[in-house]
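Below is one structure, written out as structure tokens; the observations come after it.
The values are calculated or read from the model by the stated rules, or taken from the named source; none is laboratory data. All values reported here derive from a predicted model rather than from experimental measurement. A quick note on method: Cβ atoms are made from the backbone with ideal geometry, for glycine too, and the neighbour counts reach across all protein chains shown. Surface areas here come from the heavy atoms of the whole protein model, side chains and all, with no ligands, DNA or RNA. Shrake-Rupley method; radii C 1.70, N 1.55, O 1.52, S 1.80 Å.
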Amino acid sequence: MKFSVTVTLKKDVLDPQGKVVSQTLKNMGVENLNQVRQGKFFEIDLDENDTSKGHDKVKEMCEKLLANQIIEDFKINKAE
Amino acid sequence: MRSSVIVFPGSNCDRDIAVVLEKLQFKNSMVWHKETTLPKSDLIILPGGFSYGDYLRSGAIAAKSNILNEVIKAGKNGCLIIGICNGFQILIECGLLQGALLRNSGLKFVSKDIFVRVQTNKNKFFNKYKNGEVLKLNIAHNEGNFFTNQKHLIELEEKELIPIKYCNEKGSIISESNPNGSLNNIAGILNKNKNILGMMPHPERMADKINSDQKGLPLFLSLMN
Amino acid sequence: MTIKNEQIEKHGLKLEEYKKIKELLGRDSNLLELGIFSAMWNEHCSYKSSKIHLKKLPTKNNIVIQGPGENAGVIDIGDDDAIVFKIESHNHPSFIEPYQGAATGVGGILRDVFTMGARPIALMNSIHFGSPENKKTQNLLNGVVSGIGGYGNSVGIPTVGGETKFNRTYNENILVNAMAVGHVNKNKIFYSKAKGINKPVVYVGSKTGRDGIHGATMASAEFDENSEEKKPTVQVGDPFTEKLLLEACLELMKKNSIISIQDMGAAGLTSSSIEMASKGNVGIELNLNKVPCRENNMTPYEMMLSESQERMLIILDDNKENEAKKIFDKWDLDFVVIGKTTDSKRLILNFDDKKVADIPITALADEAPQYNRKWTTSKNKKKELKLKSLKKIKIEEALLRILSSPDHSNKSWITNQFDQSVMCDTIQKSGGDAAVIRIHKKEKAISVSVDSSANYCNADAKIGGKQIICENWRNLISVGSKPLAITNCLNFGSPEKPEVMGEFVECIEGMKEACEFLNFPVVSGNVSFYNETNSKSIFPTPVIGGIGIFENLKKIINMKSKKVGNLIIIIGKTLGHMEQTTFMRDIYSINEGCPPEVNLVNEKNNGLAVSKLINDNLVSSCHDVSSGGIIVALAEMSMASMLGLKIVKPKKFKDLNEYFYAEDQGRYLLEIERNNLKKIEDILKKNNIFFEIIAEVQNDIFEVDKTFSIKTKELFDYSNKWFKNFNAVN
């Protein structure tokens, strides 16, 4: 069973990288751009058949390691 | 000789390079990245540092700046270009050099004095060194782990496009003396025409006798030949 | 609205302090005003518990241009050159988020230095972690080290040295102290004092977000189990913006347009605006709608208390706005006039066309509470140590254990993560007694050393305070420089506890004695109280950052032994003081007894004699004897060059360990050429300096005559073991 995890900085936390990327895209002529936030993406393959159990395991991984919960949030999606 | 040092926001070795160039009586200009024209130059230097904070990928954003179009044009017309550290990363991101600089294999920023061996002096940059000469230089980077495809690697080796490799004090090129996991201990590469050099070590940091044995100096002297 | 007691306490204020606020305002405060008072009146900004004691320290002499009270201290090093420096703590934020906490600590101290017009030329640090066995230590060590490197490397200022120590006293409260040193033309120094009425107040740098709301209050509150909840207050550092801000500010400073400038550090816009107004005895009026905000719907409370990094407040002279704005535009930084100076002597804040705060400046600054807190003298933990009853250990066995211990092992695992060479003026990197930095394009240099000795201070705060000043002075002497002045960061527990306050008072007393005697003034610093968790205080840990000067680059020396056949002499008498030594602690786990007493007269005479010998070109290498005693110091000299040493046995000591591991103070090891011995003897005898020949430089082998012998390379391998093993799992 595969899951994907996106880790991003929390809403109110400064994202220096996103700020610079967004400014550069604007300088390159990209229009109507409001904001860019940069994050991390993980693909996790689990030997597990129960979706809910799998989800819980991935959640635990996120809380313990993948995300620094002091400044980051995470989103878990079940991959097809 | 006329030189231009390109200054990006976040460059931090621009002054260090300028000091050396001025000492050697280059006619040097500092060129801000927003400029759209280059002063007439025989040599262009992309200095080390953290252009744009190393954000996204090291060198990626600097490679999109105004002045880079001019640098690319000049490079294609045979102008001598050196990219040091972050400058090397920029040369790769803008396509003037091939390959990739990955994160150091130890996953940490590495700053220390290292040794490199001159593999070939048959180019504009290293002609003041002897083949096989061991140089003590300094490195300071997060992403200096050179990687490329097999075909390019063979070309680099066969056409003498790898002027320096990491080695130990005695000049042996062994994995223990590789500070960042770089393929074949590569510390710097040239383009096919040998007018563009990218290197991770900082020659400008080894140019003053108060704090070095000045092994970086001949690189700049070579260019005056 | 009325303020509830609960709100007052949440802001870290005492009820009686709020009573005083009401009196000063002549009414109840609103929530915004309460926030502003709490930020200004907390320990971090007001120094309310420490001020009366800090006043005792000497802060002036003929080279001090600016003592404590500004963003950083400034000293004169001749020919119009001045050095600006300061050390500051970022302990609490670093414990919560080690990478960002340490990184923003470096950012903050850099701004303190370039705010004054100086280009930063060196960074140093003193970091203390809990015991290596503590589960948190590894993560904290990794985070702090990469945070310090991540910020300093990116800005492009060399991190040239520091110290890293481990002790379980810091298990739940690590120390991260960062020091920055800058160089400025002494006629071009900028201060924070406002001048003139109706001058534009300009906000420059990053936008304001909800970072670190109440960080300054957090820094002054002890940790408890609920600290978790305070987590979102940690700020994220952006070294890239810092570099732009640094260049933009220095560029603007070349013009004659700045009246005053202040970095927005702890308590951000609040403390910066109030400090400028208070020093200039003017009022300040701000339109908060103009503040550049990163998030939507930010409230005045959030704007005033945000600790977003990389921001400055500038008061400009008339008609200079366009010129200044151009510079900040070039560097892609915000530049907004957010207010003006007034003659009201009040802080007035407007938002959405309404006045949202109105406070007399003096109420926030001069009227801040000052306490003469109760203190008790720390008990002198005198206890005779019965060395004879302890199981004997061979010298070499103890030496290898000490060299491979976390505190004494080689720190290159740490320092290789710091760019030490950028700017090309680093003459001596970390690993020596002091770092040496050349003044750019000049034939002179400065030395910098950062030191602490918490174990001594814990055993006797007064002796410890005196000792650490002397050790710092000694380190600066050992590289050949003339010590000039210091900055200090005083890390202590809660000042509300009489025994902690006692340690503080006595430690200052000790520092004062030494500083006065050595003419070594304190020109800047920082007090970090409330370093405790669940009511357990850390050991008192004063950290000293000292600066010395070389007027001639040829006089710089290091501790690398140079030539086979040279002699090593020791200056200063060895009496055999074993209590509180590394040896007792590392080998026998004994922490009792007094630290070694410091004899200031000997200290000064020995130091000046060493200086003279170095100046007369009679010394090939030099190293001070400190923690670990003679044998560790000799091993360090040997490892620095990979040459061996043949060490003679002392005649007077039956127990060799008492000679080799004692930590008597005021001692130096000097490598000299044999043919200079006579000259040196004459000078030392004439000055009544005790010395003896202790070793001879030889190839490869480190040995004590007829006792043991080991390859220097082997010592080196031992010394490199610990950090590698500790971090091997990473």
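Lys/Arg Cβ at +1, Asp/Glu Cβ at -1, dipole of chain A taken about the Cα centre: which of A:38, A:20, A:58 is farthest positive-ward?
Toward the positive end, the furthest listed residue is A:20.
Given just the C-alpha atoms of chain A, how large is their convex hull per residue in cubic angstrom?
Values: hull volume 8.7 nm³, N = 80.
Output value, Cα hull per residue: 109 Å³.
Go ahead and estimate [θ] at 222 nm for chain B from helices alone: -39,500 (n - 2.57) per DSSP H run with n ≥ 4, summed, over the residue count, rounded to 500.
-5500 deg cm²/dmol
Along each of the three principal axes of the Cα atoms of chain B, give the extent in whole Å, ordering the values from largest to smallest.
For chain B, the Cα spread along each principal axis is 44, 36, 33 Å.
List the pairs from B:64/B:124; C:14/C:135; C:186/C:429; C:55/C:386; C:320/C:429; C:411/C:554 whose alpha-carbon separation is above 31 Å, in the order I gave them.
The answer is C:14/C:135; C:55/C:386; C:320/C:429.
Rounded if a/c is under 1.5, else prolate if a/b is larger than b/c, else oblate: which is the range C:26-179, with a ≥ b ≥ c the root eigenvalues of its Cα gyration tensor?
Since a/c reaches 1.5 but b/c is at least a/b, the shape of the range C:26-179 is classed as oblate.
Rounded to the nearest 20 Debye, what is the dipole magnitude of the range A:2-78 about its Cα centre when Lys and Arg each give +1 and Asp and Glu each give -1 at the C-beta? Each step should come with its number before you reach the end.
Working: 13 positive and 13 negative charges, 57 e Å.
Roughly 280 debye for the range A:2-78.
State the percentage of accessible surface on chain A attributable to carbon and sulfur atoms; use a 1.4 Å probe and exclude ligands, DNA and RNA. Before the final figure, lay out each step's value.
On the way: 2490 of 5280 Å².
The value for chain A is 47 percent carbon and sulfur by accessible area.
Quick check for me: using +1 on Lys/Arg Cβ and -1 on Asp/Glu Cβ, what's the dipole size of the protein assembly as shown about its Cα centre, in debye to the nearest 20?
Details: 135 positive and 126 negative charges, 467 e Å.
About 2240 debye.
For the range B:48-167, what log10 I(q)/I(0) values come out of the Debye formula at q = 0.17 1/Å, with one point per alpha carbon and no solvent?
Each listed q maps to, in turn, -1.00.
Quote the FRET efficiency, to the nearest 0.05, computed for residue C:656 versus residue C:377 with a Förster distance R0 of 35 Å and r equal to the Cβ-Cβ distance.
0.40
Below 8 Å between Cα atoms, with a sequence gap of 6+, how large is the relative contact order for chain C in percent?
Rounded, it is 15 percent for chain C.
Which whole number gives the average, over all residues in A:7-18, of C-beta atoms from other chains lying within 10 Å of the residue C-beta?
Across the residues of A:7-18, the mean count of other-chain Cβ atoms within 10 Å is 6.
For the pair residue B:64 and residue C:646, how long in nm is the line joining their label points, each one 7 Å along Cα→Cβ?
Inter-label distance under the simple model: 6.8 nm.
With a Cα-only, solvent-free Debye model of the protein assembly as shown, what are the log10 I(q)/I(0) values at q = 0.06 Å⁻¹?
Taking Cα atoms of the protein assembly as shown as identical point scatterers yields -0.46.
For chain C, place one equal point scatterer on every Cα, skip the solvent, and apply the Debye formula. What is log10 of I(q)/I(0) at q = 0.07, 0.10 Å⁻¹?
The Debye formula, applied to the Cα set alone, gives -0.48, -0.95.
Counting only helical runs of four or more DSSP H residues, what would the 222 nm mean residue ellipticity of chain C come to if each run contributes -39,500 (n - 2.57) and the total is spread over all its residues? Show your work: numbers first, answer last.
Working: 26 runs with 256 residues, N = 730.
Calculated at 222 nm, the ellipticity per residue is -10000 deg cm²/dmol.
Quick one: pull the percentage of alpha-carbon pairs in the range C:385-471 with a separation above 18 Å.
Values: 2493 of 3741 pairs.
The calculated P(r) of the range C:385-471 puts 67 percent of pairs beyond 18 Å.
Given the Cα-Cα distance of residue B:124 and residue B:76 and 0.36 nm per residue of separation, how much length would full extension add, in nm?
Going from the current span to full extension adds 15.7 nm.
Please find the FRET efficiency linking residue B:100 to residue C:562, where r is the Cβ-Cβ separation and R0 is fixed at 51 Å, and quote it to the nearest 0.05.
Approximately 0.70, to the nearest 0.05.
What does the charge dipole of the range B:14-89 about its Cα centre add up to, to the nearest 20 debye, if the Cβ of each Lys and Arg holds +1 and the Cβ of each Asp and Glu holds -1?
180 debye
Rank these by accessible area, largest first, 1.4 Å probe: C:721, C:165.
Sorted by accessible area, descending: C:721, C:165.
Could you pull the accessible area for residue C:27 with a 1.4 Å probe, rounded to 10 Å²?
Counting only protein heavy atoms, the figure is 100 Å².
At the nearest 100 Å², what buried accessible area, both sides summed, do you get for B and A when the probe is 1.4 Å?
600 Å²
With just the Cα atoms of the range B:100-143, tell me how far they stretch along each of the three principal axes, in Å, largest first.
Result, largest extent first: 34, 22, 13 Å.
Other chains near C:405-417: what is the mean number of their Cβ atoms within 10 Å of each residue's Cβ?
Going residue by residue through C:405-417 and averaging, the value is 2.
Distance between Cα centroids, the range B:125-152 to the range C:232-282: provide it in whole Å.
Distance between centres, Cα-based: 41 Å.
Name the residue farthest towards the positive end of the dipole of the protein assembly as shown from the options C:337, B:190, B:142, assuming +1 on Cβ of Lys and Arg, -1 on Cβ of Asp and Glu, about the Cα centre.
So the residue furthest toward the plus end is B:190.
From the P(r) of the range C:567-620, could you give the percentage of C-alpha pairs in the tail past 14 Å?
Tail of the P(r) past 14 Å holds 65 percent of the pairs.
Please name whichever of B:65, C:638, A:71 sits farthest to the positive end of the charge dipole of the protein assembly as shown, dipole taken about the Cα centre and charges placed at Cβ: Lys and Arg +1, Asp and Glu -1.
The listed residue farthest towards the positive side: C:638.
If ligands, DNA and RNA are left out, what is the accessible area of residue C:172 with a 1.4 Å probe, given in Å² to the nearest 10?
Roll a 1.4 Å probe over it and residue C:172 shows about 70 Å².
Would you mind computing, in nm to one decimal, how far apart the modelled labels at residue A:23 and residue C:721 are, each placed 7 Å from Cα along Cα→Cβ?
So the label points at residue A:23 and residue C:721 sit 5.0 nm apart.
Can you give the FRET efficiency to the nearest 0.05 for residue C:188 and residue C:326, using r as the Cβ-Cβ distance and R₀ = 22 Å?
Taking R0 as 22 Å, the efficiency between residue C:188 and residue C:326 is 0.60.
Quick check on the range C:239-282: take the gyration tensor over C-alpha atoms, sort the square-rooted eigenvalues as a ≥ b ≥ c, and tell me if it's rounded (a/c under 1.5), prolate or oblate.
oblate
What figure, in Å² to the nearest 10, do you get for the accessible area of residue A:51 with a 1.4 Å probe and non-protein molecules left out?
Result for residue A:51: roughly 70 Å² accessible.
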